[in-house]
1. How big, in percent, is the set of alpha carbon pairs in region 1-56 lying more than 15 Å apart?
2. What accessible area per residue comes out for the chain, rounded to a whole number of Å², with a 1.4 Å probe?
3. If packing is taken as the average count of other Cβ atoms within 10 Å, what order do 133-145, 15-27, 31-43 fall into, highest mean first?
4. Count the lysine pairs in the chain whose Cα atoms sit under 28 Å apart, keeping only pairs 8 or more residues apart in sequence or on different chains.
5. Mind ranking 62-69, 96-103 by how tightly packed they are, going by the mean number of other C-beta atoms within 10 angstrom, highest first?
6. With a 1.4 Å probe and all protein chains left in place, how much of the accessible area of region 52-172 comes from carbon and sulfur atoms, in whole percent?
7. As a test, work out the antiparallel percent of DSSP beta bridges whose residues both lie in the chain, rounded to the nearest 5.
8. Let's test the formula: R0 of 30 Å, r as the Cβ-Cβ distance of residue 11 and residue 105. What FRET efficiency results, to the nearest 0.05?
Amino acid sequence: ALDFENRAAAKQLTIGVIGLGYVGLPLAQAFCRQGLRVIGYDVSSTKVDSLTKGISYIKHISNDSVGSMLETGRFEATVDFDRLDEPDALLICVPTPLDAHRGPDLSYVVSSTEAIAKRLRRGQIVILESTTYPGTSNEVMKPILESVSGLVSGRDFAIAYSPEREDPGNPQFETSSIPKVVGADTEAEKRMAVAIYEAIVPQVVPVSDLRTAE
């Protein structure tokens, strides 16, 4: 965790953002602005092509903003999920729409986790941001990540949860202006997650574990 914290402070981490929608894109922008390299992943080639051309499809992010991200040379968008082993941190920002039973549909979270599991390497941290129910990280994500990769969470790689903070109707709002809640099940994992978000928000609020953050 210490090495990870030092690299975060020195802006030497690469951040992967999975899902470039109204949560993921502002997050990618915030990290890019703070000098970190960002790879954005999306299943939609339309979105990826649009960003690569410097065109935004989100109301409160201008084309100029996307252009600035590209100009830094630190941001790229891709549909190639085989590149998930490149970032140090993987932030999952995919939709969890309500299903017929009014519970969150986790199919996008599951497919993202399966894609990560195939490429997971030692030292990475996987952070779920999507809105979900308590227990998702441990009961849904962790078994997939461990069984497919053969790695052990808390030892070989880290898992954390940090609920998305979006206020789409508020023009005064920016992702980087709201405190961020972060939870993980071990102190080392929590410190890794805190180090990442400290790069972009004024206040990070660590809580005792994954379930509490969820």
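The values are calculated or read from the model by the stated rules, or taken from the named source; none is laboratory data. As the structure is a prediction and not an experimental result, all values here were calculated from the model. When we count neighbours, we look across all protein chains shown, and the Cβ atoms used for this are built from the backbone with ideal geometry, even at glycine. The area values use the complete protein model at the heavy-atom level, side chains included, leaving out ligands, DNA and RNA. Shrake-Rupley method; radii C 1.70, N 1.55, O 1.52, S 1.80 Å.
1. On the way: 792 of 1540 pairs.
So the portion of pairs separated by more than 15 Å is 51 percent.
2. Values: 9610 Å² over 214 residues.
Result: 45 Å² per residue.
3. Highest mean packing first, the order is 15-27, 31-43, 133-145.
4. Going through the chain pair by pair, I get 15.
5. 62-69, 96-103
6. Here carbon and sulfur together make up 49 percent of the probe-accessible area.
7. 5
8. Computed FRET efficiency for residue 11 and residue 105 comes out at 0.25.
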